[in-house]
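The values are calculated or read from the model by the stated rules, or taken from the named source; none is laboratory data. Values in this document were obtained by computation on a predicted structure and should not be read as measured data. Heads up, the Cβs are rebuilt from the backbone with ideal geometry, glycines too, and the neighbour counts pull from every protein chain shown.
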Ligand SMILES: [Zn+2]
């Protein structure tokens, strides 16, 4: 009997030892190697690193290492590092476990991106899941026809619907010389509303620049030290609703706040160096784009965006506000077509349609002009399945934040946690 107990005990000790991470390794070392590896992959692909503000010597070493390593060797290193991180998934307290899971998820994306860089062709869904940690549900385009039929009935004028919408929407274009004051006022209001609920680092700041020649409408280049460079693309006319949208999305409580909180709470307070690098093709992007899009509704619930626009922004633009409500209703209706973008992206990226067919389908199912459809196609060709992060990310963040109930304070508290912790798509409640 005694021998049996002893044997059972030994078995347990052996099993425990097998599951435990090696005593010679730790998450700080793995995190540093992850930053080093990410920066080295970044040397192989322009735009892979969206932001980096960690130790300069890691960047210098990445530049020196990159020419000596091919993509196959980088893939091997990624797998090895992922195995090391996975050994810590059940070790330590809840935050340590989340840290390990975050590193594993980020390294899974790096492995997927390296497969793509080596020429492997993935389906749209496999690519999206491999890079961003969520499998999109791609609907047939015909399923969006009833939405289009409903919109048809509310837009004035005759002729093809995309043209009618373009003509109507052009009444809300902000004149170029009024862009700066309108954006300044919108961002100030987004910031004021965010600061009522989230304490930001005292030195946080951003620069705003209007640029041209881009496939995106706005971009936040996070510089570190709570500083963002926000760029707004003026290639196409900017409508009045975009001021609050972009102010929240790029600024408050969107990308600028997310990056500033991660830097303050995780990089500086906990010393988690892995958050000082942001690889664009990673689950971080689903959380970033989803929270930035949902942040608009959180900061301006119900009718508050339109009320603010009528009270402050319309007078600044000089545009008449009589049709402001109809325009806002149209924007809301168009949001229901966001899933069609995934379907068209899938067809374009898998080669079942060409660029000009994609432009026509975007006009028909996103109800935009040819110019805007062309810009959208350029974006999809550049960033590929990244397009899922906007609509799907927004739905997932909304479901998670609104699961706490209708109290605005509770919603902001959940949003703050989501923005300041190592949040993965799999952490979101109500995830698909
Ligand atoms: Zn964004």
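Annotation for segment 353-372: no member residue is assigned to a helix (DSSP H, G or I), within 16 Å of the ligand (Cβ to nearest atom), touching a helix residue (DSSP H, G or I) at 6+ places or on another chain (Cβ under 7 Å) and under 20 Å from residue 125 (Cα atoms).
Would a scan of segment 382-397 turn up a residue that is in the same structural domain as residue 283 (by TED's automatic domain parsing), surrounded by fewer than 18 Cβ atoms within 10 Å (Cβ to Cβ) and away from the ligand (no atom under 16 Å from the Cβ)? For segment 382-397, residues in the same structural domain as residue 283 (by TED's automatic domain parsing), surrounded by fewer than 18 Cβ atoms within 10 Å (Cβ to Cβ) and away from the ligand (no atom under 16 Å from the Cβ): absent. If the condition is being surrounded by fewer than 17 Cβ atoms within 10 Å (Cβ to Cβ) and in contact (Cβ under 8 Å) with a residue 40 or more places away in the chain, then segment 72-86 contributes only 72. The set of residues in segment 171-210 that are surrounded by 18 or more Cβ atoms within 10 Å (Cβ to Cβ), in a loop (DSSP other than H, G, I, E, B) and more than 23 Å from the chain's Cα centre (by Cα) comprises 172, 174.
Counting residues in segment 403-412 that are away from the ligand (no atom under 16 Å from the Cβ) and crowded, with 19+ Cβ neighbours inside 10 Å gives one or more.
State yes or no: is residue 377 in a helix (DSSP H, G or I), touching a helix residue (DSSP H, G or I) at 6+ places or on another chain (Cβ under 8 Å) and buried (at least 23 other Cβ atoms within 10 Å of the Cβ)? No; evaluated as a whole, the condition is false for this residue. Suppose the filter is more than 16 Å from the ligand (Cβ to nearest atom), in contact (Cβ under 8 Å) with a residue 40 or more places away in the chain and within 30 Å of residue 110 (Cβ to Cβ); does residue 162 pass it? Against the criterion (more than 16 Å from the ligand (Cβ to nearest atom), in contact (Cβ under 8 Å) with a residue 40 or more places away in the chain and within 30 Å of residue 110 (Cβ to Cβ)), residue 162 does not qualify.
Quick check on segment 151-170. Is at least one of its residues in the same structural domain as residue 332 (by TED's automatic domain parsing), part of a helix (DSSP H, G or I) and more than 24 Å from residue 319 (Cα to Cα)? Yes, that holds for at least one residue.
Of the residues examined, residue 432 is one that is farther than 30 Å from residue 199 by Cα, modelled with pLDDT under 95, more than 16 Å from the ligand (Cβ to nearest atom) and outside the structural domain of residue 262 (by TED's automatic domain parsing).
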